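The values are calculated or read from the model by the stated rules, or taken from the named source; none is laboratory data. Predicted model only: the values in this text are computed from it and were never measured. Methodologically, a virtual Cβ is constructed for each residue, glycine included, from the backbone with ideal geometry; neighbour enumeration extends over all protein chains shown. Accessible surface areas use protein heavy atoms only, side chains included; no ligands, DNA or RNA. Shrake-Rupley method; radii C 1.70, N 1.55, O 1.52, S 1.80 Å.
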Amino acid sequence: MNFLNVAVPANNRSTQLPFKRPNSVTGEPDVQFQMFTNTDHIAILMAALLKIEERVIKDEKVLRRCNAWYEIMSRDRGRHKKMLSFIKTWQDPATLITFWPEPTGSSHAMTSGTFITLSEKIFKRTDAVLWTAGTLMHELAHTAGASAQTTDAEDSLEFCGFDDVRTKGLPG
Ligand SMILES: [Zn+2]
């Protein structure tokens, strides 16, 4: 994961931004996938990516546990039926992190294939960096194939060094 995985105006992708998708969990019609333009948001996102590197990538023990959970999750329950470790997911150049301005519903983020969108609500929190990192970890689990019908995505926070932002038993 690096700056190329973040949707900013310089990013050149075959999928054109912005686009909208219905929310597969709540049914809300307008989940938005836009480019980041606000430098405060981009700074928070960069700090969140660094936090994930510190807590997961650079911690051998956490990385091993996280990889193992991703392999179980993607192999047994994932929609891709293809085994994916966390590190493979983290390094996937297809992942694109986008911005969802002013959502009206209860959702904080959404994933569509390898496109993740993070809501503006997250960036307004006082603990925005930690919350953004935890939310990203949840959404990355979906890109690896975690079903929205189980607690697998949220459970990955426990195995991947973000137990402090985990909401136990949260489905979706
Ligand atoms: Zn989810």
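Of MET1, MET137, which has the most accessible area and how do the rest follow, probe 1.4 Å?
Largest accessible area first, the list is MET1, MET137.
Taking the Cα centre of segment 35-164 as origin, work out the dipole magnitude from +1 charges on Lys and Arg Cβ and -1 charges on Asp and Glu Cβ, in debye rounded to 20.
380
Taking a ≥ b ≥ c as the square roots of the eigenvalues of the Cα gyration tensor of segment 60-157, is the shape rounded (a/c under 1.5), prolate (a/b larger than b/c) or oblate?
Details: a/c = 1.92, a/b = 1.59, b/c = 1.21.
Judged from the Cα gyration tensor, segment 60-157 comes out prolate (a/c at least 1.5, a/b above b/c).
Using the membrane-span-like helix rule (whole DSSP H runs, Cα extent along the own axis of at least 15 Å, mean Kyte-Doolittle hydropathy at least -1.0), which helices of the chain qualify? Mind showing how you got there, number by number?
Working: long enough: 39-52 (20 Å, 1.49); 60-72 (18 Å, -0.68); 128-143 (22 Å, 0.60).
Passing helices, by number: 39-52, 60-72, 128-143.
What share of the DSSP beta bridges in segment 35-164 is antiparallel, in percent to the nearest 5?
On the way: 4 of 9 bridges.
Of the beta bridges lying entirely in segment 35-164, close to 45 percent run antiparallel.
By the gyration tensor of its Cα atoms, with a ≥ b ≥ c the square roots of the eigenvalues, what is the shape of the chain: rounded for a/c under 1.5, prolate for a/b over b/c, or oblate?
On the way: a/c = 1.39, a/b = 1.25, b/c = 1.11.
Rounded shape, in that the Cα axes give a/c under 1.5.
Counting only protein heavy atoms and a 1.4 Å probe, tell me what percentage of segment 35-164's accessible area is made up of carbon and sulfur. Walk me through the numbers before you get to the answer.
Working: 3050 of 5800 Å².
Carbon and sulfur: 53 percent of the exposed surface of segment 35-164.
So what is the accessible area of segment 35-164 per residue, in Å², with the probe set to 1.4 Å? Could you put the intermediate results ahead of the total?
Values: 5800 Å² over 130 residues.
In whole numbers, segment 35-164 has 45 Å² accessible per residue.
Past 30 Å, Cα to Cα: identify those pairs from LYS61/LYS168; LYS124/LYS168; LYS20/LYS58; LYS121/LYS168, in the order given. Please report the intermediate quantities before stating the final value.
Working: LYS61/LYS168 22 Å; LYS124/LYS168 23 Å; LYS20/LYS58 35 Å; LYS121/LYS168 21 Å.
Beyond 30 Å between Cα atoms: LYS20/LYS58.
Arranged from highest to lowest average of other beta-carbon atoms within 10 Å per residue, in what order do the peptides 105-116, 141-152, 19-30 appear?
On the way: 105-116: 18.8, 141-152: 20.6, 19-30: 13.7.
Ranked from most to least packed, the peptides come out as 141-152, 105-116, 19-30.
What shape does segment 90-134 take by its C-alpha gyration tensor, where a ≥ b ≥ c are the square roots of the eigenvalues and a/c under 1.5 counts as rounded, a/b above b/c as prolate, and the rest as oblate?
On the way: a/c = 2.67, a/b = 1.43, b/c = 1.87.
Since a/c reaches 1.5 but b/c is at least a/b, the shape of segment 90-134 is classed as oblate.
Tell me, what is the percent relative contact order of segment 35-164, built from C-alpha pairs under 8 Å that lie six or more residues apart? Before the final figure, lay out each step's value.
Working: 184 pairs, mean separation 37.8, N = 130.
Rounded, it is 29 percent for segment 35-164.
To the nearest 0.05, how large is the calculated FRET efficiency for ILE87 and ASP30 if R₀ is 35 Å and r is the Cβ-Cβ distance?
Working: r = 34 Å, r/R0 = 0.96.
That pair, ILE87 with ASP30, gives E of 0.55.
Taking amide H atoms as placed 1.01 Å from N in the peptide plane, list the residues 5 or more away in sequence, or in a different chain, whose amide H sits under 5 Å from that of VAL31.
ARG21, ASN23
For the pair MET46 and GLN16, how long in nm is the line joining their label points, each one 7 Å along Cα→Cβ?
Placing both labels 7 Å beyond Cα along the Cβ direction yields 3.0 nm.
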